[in-house]
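The values are calculated or read from the model by the stated rules, or taken from the named source; none is laboratory data. Since the structure is predicted, the reported quantities are computational estimates derived from the model, not experimental observations. Heads up, the Cβs are rebuilt from the backbone with ideal geometry, glycines too, and the neighbour counts pull from every protein chain shown. Quick note on the areas: whole protein, heavy atoms, side chains included, nothing else; ligands and nucleic acids left out. Shrake-Rupley method; radii C 1.70, N 1.55, O 1.52, S 1.80 Å.
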Amino acid sequence: MKNRLTDKVFLITGSSGIAAAAARLAAAEGSSICVISNDEISCRALHKEIHCDYFIADLTQPEQVEAAVKACAASFDRIDALFNVAGISGRRLGDGPVHECSDQGWEMTIETNLKSVFLMCRAVTRLFLHQEPNAAGLRGSILNMASALALSPEPRHFATHAYAASKSAIVGLTETMAAYYAPHKIRVNAIAPALTRTPMSLRAQQDPQILEFMKTKQPLAEGLIEAEDIAQAAIFLMSDHARYITGEVLAVDAGWQLS
């Protein structure tokens, strides 16, 4: 099989952290990249760096999502893979243990993390269903961003129950989509990182107690995981080298679940 990414078209939500790392890696291996984000500054920076296309959109708004997906497809004639990365930690909005979680913390976290994935999956799946299979016999691949917290709760420093609920729902969506769309030659998987060095984890990166805790909670890294390590796994799952993998939730957690 030729280079896993040559001539592929990747659609990625988000423009920093893991999203940017995946975009850089895919571009370096010969793919065309479309980025959808609400952050124009980071989109422009990524465009300047890797010459990707980008579209500014609120991913919780159906009309904006549909328009951005159509614009990406029109630019490249097809989309081979969608990577749903964009999301938030709702802690600053009041996410926390359920008895303390604010209405705003719950609603904004669920809407931003879950509704956006649903809307992107719906728009891209509609396109995939009318798209001709590629040389590997596949119409397209979707990779959703879950979290180690959806698989292995950690109450000591990470009691963000709205966030965990949103990521657990993404796991359920991923598995049911994978079952339904496999006969249509559409693959759907999820990746579940543990604590990774991204702009979203800045609070944890600045907390000495959490950094000390990570030495044993993520023993393979003895600290935070780098965004590039998550991106490497993500690119494999979206590539044709993973053409017979669907319905999987891959934990990239440096030993989080086992510690």
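Spin-label pair Glu226-Ile245: with each label point 7 Å from Cα along the Cα-Cβ axis, the two points sit 2.0 nm from one another.
If R0 is 25 Å, what FRET efficiency do you get for Arg44 and Leu202 from their C-beta distance, rounded to 0.05? Spell out each step's value before the answer.
Values: r = 21 Å, r/R0 = 0.85.
It comes out at approximately 0.75.
Run lengths n ≥ 4 of DSSP H only: what is the helix-derived mean residue ellipticity at 222 nm for the chain, with -39500 (n - 2.57) per run over all residues, to the nearest 500? All intermediate terms of the calculation are to be shown ahead of the outcome.
Working: 9 runs with 106 residues, N = 259.
-12500 deg cm²/dmol, from helical runs alone.
In this view, the solvent-accessible surface of Glu226, computed with a 1.4 Å probe and all protein chains in place, comes to about 70 Å². Cβ distances below 4.7 Å define possible disulfide partners, and in the chain the cysteines left without one are Cys43, Cys52, Cys101, Cys121. Length available on full extension from Asp77 to Arg156: 0.36 nm per residue minus the Cα-Cα distance, which gives 23.6 nm.
Where in the stretch 206-259 are there chymotrypsin sites (Phe, Trp or Tyr not before Pro) that are in a DSSP coil and have at most 12 other Cβ atoms within 10 angstrom of their Cβ? It would help to have the intermediate numbers written out before the result.
Working: sites: Phe213, Phe236, Tyr244, Trp256; in loops: Tyr244.
Those satisfying the criteria are Tyr244.
Per-residue accessible area (protein heavy atoms, 1.4 Å probe) orders Ile110, Ile41, Ile225 as Ile41, Ile110, Ile225, starting from the largest. Helix 116-128 and the long axis of the chain differ in direction by around 20°, with both axes built from C-alpha atoms. Remark: accessible surface ordering of Glu222, Glu248 (largest first) is Glu222, Glu248, probe radius 1.4 Å.
Surface exposure of the chain, expressed per residue as accessible area with a 1.4 Å probe, stands at 46 Å².
Quick one: order Asp207, Asp39 from most to least accessible surface, probe 1.4 Å. All intermediate terms of the calculation are to be shown ahead of the outcome.
Details: Asp207 40, Asp39 65 Å².
Solvent-accessible surface, decreasing: Asp39, Asp207.
Ignoring the sites themselves, what is the longest stretch of the chain with no trypsin sites (Lys or Arg not before Pro) in a DSSP loop and at most 14 other beta-carbon atoms within 10 Å? If you can, show how the numbers build up before the last one.
On the way: sites that count: Lys2, Arg156.
Longest gap between qualifying sites, sites excluded: 3-155.
Given a 1.4 Å probe and every protein chain left where it sits, what share in percent of the accessible area of the chain is carbon and sulfur? Taking all protein chains in place, the chain shows 54 percent carbon and sulfur surface. To the nearest 10 square angstrom, what accessible area does His184 show with a 1.4 Å probe? Surface accessible to solvent at His184 totals approximately 70 Å². When the stretch 1-90 is described by a simple charge dipole with +1 on each Lys and Arg Cβ and -1 on each Asp and Glu Cβ, the residue from Ala71, Ala20, Gly90 located farthest towards its positive end is Ala20.
Taking a sphere under 12 Å around the Cβ of Thr198 and counting the other residues whose Cβ falls inside, with K and R at +1 and D and E at -1, yields a net charge of -1. I'd like the distance separating the alpha-carbon centroids of the stretch 90-105 and the stretch 172-236, in whole Å. Each part's Cα centre sits 22 Å from the other's.
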